[in-house]
Amino acid sequence: MIPNLPSAAVLGARAFAALQGLNRFTDEPGKLTRLYLSPAHRQAAEWTKGAMEVAGLSAFIDAAGSVQGRRDGPVPGGPCVIIGSHIDTVKDGGRFDGNLGVVAGILAAQALRDAGIVLPFALEVVAFGDEENVRFPTHLSTSAALAGHYDPDWLDGRDAEGTRLADALVAFGGDPSGIAALARKPGSVKAYLEVHIEQGPVLEVEGEAVGIVTAINAQRRARVRVTGEAGHAGTVPMPLRKDALTASAEMALALESIAAGHEQAVGTVGTFRVDPGAANVVPGAVEFTVDIRSPSNETLASLDLAIRSRFGEIAARRGVSLDIAFYTNALAVPMDPGLQEALAVGAARAGGNLAARRLPSGAAHDAMAMASLCPSAMLFVRNEKGVSHSPLENMTEADAGTAIRVLLEAIVELARRED
Ligand code: GLV
Ligand code: MN
Ligand code: MN
């Protein structure tokens with residue numbers, strides 16, 4: 001325990017107050033919807049930059065739309081530890097997913113400054129903007145930019161309205177031509193730490209406030225287009241139809257049974273767009289997304305094969321054409337054992353008999369992208385009923401405060417290791 005750091009109770013109260021400030025910015029009044037590069041994302045980014053400056057960091061909004069804040073260590077421009085998470089949300093999302101981790105980083109930077117703790121490395125806080133990947137067909141693009149593996153094809157991806165990512169980025173105030181320069185040099189980042197709501201029920205069931213992530217599950221995502229034949233809903237006899245919607249519905253059910261057949265695997269059809277989409281027209285085309293995940297890369301590869309084969313068989317039987325475009329293929333990512341240990345030391349020093357339970361993550365996180373650049377680790381916070389990606393997402397102020405206290409102790413532990 002470091003005596004002049006704020007208590008978990010004080011940190012929790014500060015975190016909830018900050019979240020209230022940040023979560024005023026939404027694209028849909030009455031809900032929390034903040035999609036990458038939207039007007040609400042810009043407002044939230046400005047708010048985050050201001051909060052970083054209050055915490056004593058010099059801050060800017062970068063070419064890809066992330067907010068970066070930094071306080072130098074003893075060597076100007078020297079190696080840093082990054083605390084990060086994201087401020088984009090899903091549609092009608094929860095208050096904590098991503099936002100808590102950003103607020104945690106800012107409050108940790110502020111607490112360290114106020115306590116007069118001088119670190120032997122620079123401290124950075126980064127608020128990424130494209131973790132949810134709901135607007136454009138990308139995968140963790142803003143953290144990939146820092147990690148140095150931004151895929152330039154992402155800039156040509158379009159949202160549901162047909163807007164190109166590159167154009168949305170310029171309208172936001174970003175700079176597509178500046179993205180390559182965001183890549184950090186290998187060795188310039190000592191560690192990446194992320195605090196995040198668990199998005200599952202494990203910690204609550206086991207009565208633990210926080211948990212240390214061991215690995216992030218593998219994930220693939222695809223856009224599927226099924227093309228049949230539009231026709232008059234009153235005149236085309238049933239045997240003559242090539243209904244793209246019923247074919248797609250059968251594929252969605254097939255995905256469900258394929259995923260259910262593999263232990264710990266999950267499969268989701270999360271969007272469905274019907275063309276032309278009228279009550280009196282047989283659907284001519286449908287576009288839907290597929291999201292599959294598993295702790296095992298091998299399982300995911302076999303799910304991918306099974307999906308292609310079953311969807312192909314359904315399309316052939318129903319006389320519709322099929323196009324499956326996988327745009328994400330993320331392997332499972334183990335978290336760094338040394339940093340997991342630093343978080344465990346942090347939990348022990350934070351007091352309160354924290355068990356520092358270890359658990360894998362079924363959700364994707366920016367730590368997945370950052371792990372290719374530097375040692376990375378995550379601290380999960382207990383999630384009421386495990387509900388996330390929903391306005392019902394919740395946690396206690398006490399748990400949020402405990403997590404930030406553990407984060408602070410872990411940063412101090414990393415500093416000690418430099419001695
Ligand atoms: C992001 O939350 C994801 O896991 O899709
Ligand atoms: Mn998240
Ligand atoms: Mn999320």
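Quick notes
- Of the residues 273, 95, ranked by 1.4 Å probe accessible area with the largest first, the sequence reads 273, 95.
- Set of lysines with alpha-carbon distance to residue 185 below 27 Å, sequence-local pairs under 8 removed: 49
- Mean ellipticity per residue at 222 nm, deg cm²/dmol - from DSSP H runs of n ≥ 4 across the chain, formula -39500 (n - 2.57): -11000 deg cm²/dmol
- The stretch 227-269 and the stretch 54-123: distance between their alpha carbon centers, rounded to Å: 45 Å
- The residues 47, 154, sorted by heavy-atom accessible surface at 1.4 Å with ligands and nucleic acids left out, run 47, 154 from largest to smallest.
- Computed from label points 7 Å out along Cα-Cβ, the spacing between residue 317 and residue 114 is 6.3 nm.
- Gyration tensor over the Cα atoms of the stretch 58-217: the corresponding equivalent ellipsoid has semi-axes (square roots of 5 times the eigenvalues, largest first) of 27, 23, 13 Å.
- Shape of the stretch 209-257, Cα gyration tensor, a/c cut at 1.5: prolate
- A cut-off of 5 Å between modelled amide H atoms, ignoring neighbours fewer than 5 places along the same chain, links residue 357 with 212.
- Of the residues 27, 275, 88, ranked by 1.4 Å probe accessible area with the largest first, the sequence reads 275, 27, 88.
- Proximal aspartates and glutamates to residue 190, defined as alpha-carbon separation beneath 20 angstrom and excluding residues fewer than eight positions away on the same chain: 72, 124, 336, 341, 366, 409, 413, 418, 419
- The spacing between the stretch 1-38 and the stretch 343-419, judged by their C-alpha centroids, is 16 Å.
- Calculated log₁₀ intensity ratio I(q)/I(0) where the Debye formula runs over C-alpha points of the chain, q = 0.13, 0.14 Å⁻¹: -1.09, -1.24
- Cα gyration tensor, the stretch 169-216 - rounded (a/c under 1.5), prolate or oblate: oblate
- Cα Rg, Dmax, the stretch 353-419, angstrom units: 14.2, 45
- Per-residue ³J(HN,Hα) for the stretch 62-69, Karplus 6.51 cos²θ - 1.76 cosθ + 1.60, θ = phi - 60°, Hz, x for Gly and Pro: 8, 4, 9, x, 7, 9, 10, x
- Listed by chain and number, the aspartates and glutamates whose C-alpha is less than 19 Å from the C-alpha of residue 385, apart from same-chain residues fewer than 8 away, are 92, 97, 198, 204, 206, 208, 393, 397, 399.
The values are calculated or read from the model by the stated rules, or taken from the named source; none is laboratory data. Being a predicted model, the structure only gives us computed values, none of them experimental. Methodologically, a virtual Cβ is constructed for each residue, glycine included, from the backbone with ideal geometry; neighbour enumeration extends over all protein chains shown. What goes into the accessible areas is simple: the full protein's heavy atoms, side chains included, and nothing from ligands, DNA or RNA. Shrake-Rupley method; radii C 1.70, N 1.55, O 1.52, S 1.80 Å.
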